[in-house]
1. Mind checking the full-extension length gain between K271 and E9? Use 0.36 nm per residue of separation minus the Cα-Cα distance, one decimal, nm.
2. Taking the Cβ of W150 as the centre, find all other residues whose Cβ is under 10 Å away and add up their charges (Lys, Arg: +1; Asp, Glu: -1).
3. Using the charge dipole of the chain (Lys, Arg: +1 at Cβ; Asp, Glu: -1 at Cβ; taken about the Cα centre), state which of L279, F164, P321 has its Cα farthest towards the positive end.
4. Apply 1/(1 + (r/R0)^6) to the Cβ-Cβ distance of R113 and L288, taking R0 = 51 Å, and write down the FRET efficiency to the nearest 0.05.
5. For K182, which aspartates and glutamates qualify as cross-link partners when the Cα separation must be under 20 Å and same-chain residues fewer than eight apart are set aside?
6. For a quick check: with amide H placed at 1.01 Å from N, whose amide H comes under 5 Å from T152's, ignoring anything fewer than 5 positions away on the same chain?
7. If r is the Cβ-Cβ distance from Q173 to N69 and R0 is 35 Å, what FRET efficiency results, to the nearest 0.05?
8. Using the 10 angstrom Cβ neighbour count as an exposure proxy, how do K270, K323 rank, fewest first?
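Any read-out appearing in this document is the output of simple, stated calculations on the displayed coordinates, not a laboratory observation. Note that the coordinates shown come from a computational prediction; the quantities given were computed from them, not determined experimentally. As a convention, Cβ positions derive from the backbone with ideal geometry for all residues, glycine included, and neighbour counts pool all protein chains shown.
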Amino acid sequence: MSSLKQLKESFVSDLTGGSIEEIYLVTSVALTSYLAYKFINDSITQLPLIYDYVINVLAILAAITIYSNNTAFLHYSIFIPSLLIYVLNHYTSNDKIRKHRPSNKPNDDLLSRKQFLTAYRSHMLIITNLAILAVDFRIFPRRFAKVETWGTSMMDLGVGSFVFSMGLVNSRQLIKAHSSYKFNLNAYLRIIKQSTVKALPLLVLGLARFVSVKQLEYQEHVTEYGIHWNFFITLGLLPVLLGVLDPLLSVLPRVVVAFALIALNELLLKKTKVLSIILSSENRMDNLITMNKEGLYSFMGYFAIFVFGQSFGSFVLTDYPTKNNLICISKTKVSRKTTNFLSVPTTQGLLISTVFYQVLFTLVRNSDNFTSISRRLANASYVLWVVSYNSVFLLGYDIIDKLIPGKTKAASELLEGVNNNGLFAFLLGNLLTGLINMSINTLEVSNTVAFLILIGYSAVWISTAIVLNRKHVYIKL
């Protein structure tokens, strides 16, 4: 008779995922929720926090659980009532239209906070945190859980989007500090040291997770990252490699480096024995490398995603076009008279990127010259899927902000809290997930009870993030 640990492990093993189209449909509930929030918040004086939670969290939770088979109805249920509220409040009086007309005054700040980025990052983290616990209940469809090797699922997309988002935000510091590059050994060693120090907390958490999983006999999926490796270690090593490659990244456009990495990745998979070594189940205990072969190999792909995220920051984070910002980081403002195809404002850059990466992903996905999508390998098709998906959603959030600028520059209190304490919320979500799994048998819980547990779980880490934000405590990603 199988132990509970074995039953839970088999519950999340050997899965084949679902369609990309459905993943877009389900996760785009976040976009509809943001649009609904903008409609309602622009129509009343102050949206109560409970409604903020219902729109920005509960709707997403419903999409990945009880409405997973009827997501279109959920979209309509969110959109139509909020649209009616907006229309009734804004188009019954010409005075109101004038009152809420957005200002056309140009912004001279290079890097100001943008509402749509707060919403994008917060919703990404909310979906991720909800899924890491929901996956252990039967209310969460198996097609949304991580696939074994080949295929697509919502959770596979989630880990890549998490890394992409980190890269996007990381580019803010690059833009601020950007200057002409001159190699200096002391400065280079200092960068590596700073990067390593920055990585230590996440690496310690990765080690702590490994120890706790072994000591508490918590269920684990070895083919995900390996025996000792986990996602925290991947996140922790990203800034270390970033520091090591700083001279290269300072000379070449980051997007060029990212494409070089996925090309190398695919070359190794197609022309060497790497693929057979990773997929073999017989060599797992041969040595430390084979014990953690998935984590070690996929790190290259995740690093490419991180660098792609950085490349987006050069035109997503800036408030006006800078020189060749579609491919390069720059602080040099470009006037309208001298703009070119490579010097773009945010919306134009996202539109170009969305078309480019969607077309490229489609070509790679349908080509016999590339391996199929695999989060386990973080191969070229997986990386391009993550980048193209995030480009689409960034464009969606940006367009919503352009259509409904809102009464103030402040986003929702809930989204602000989650965004400003993203790392803490992610860590707390992981901790609560472990505690809940050790406290109850998630496989025997009814769908109703599971949904209530997920509501309580989300309320705890979200309310904690909001309290920290109110106290001006920020523990960010």
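1. Result: 91.0 nm gained on full extension.
2. My count for the surroundings of W150 gives +1.
3. Going by the Cα projections, it comes out as P321.
4. The calculated FRET efficiency here is 0.70.
5. Answer for K182, where 20 Å is the Cα cut-off: D246, listed by chain and number.
6. G18
7. 0.20
8. K270, K323
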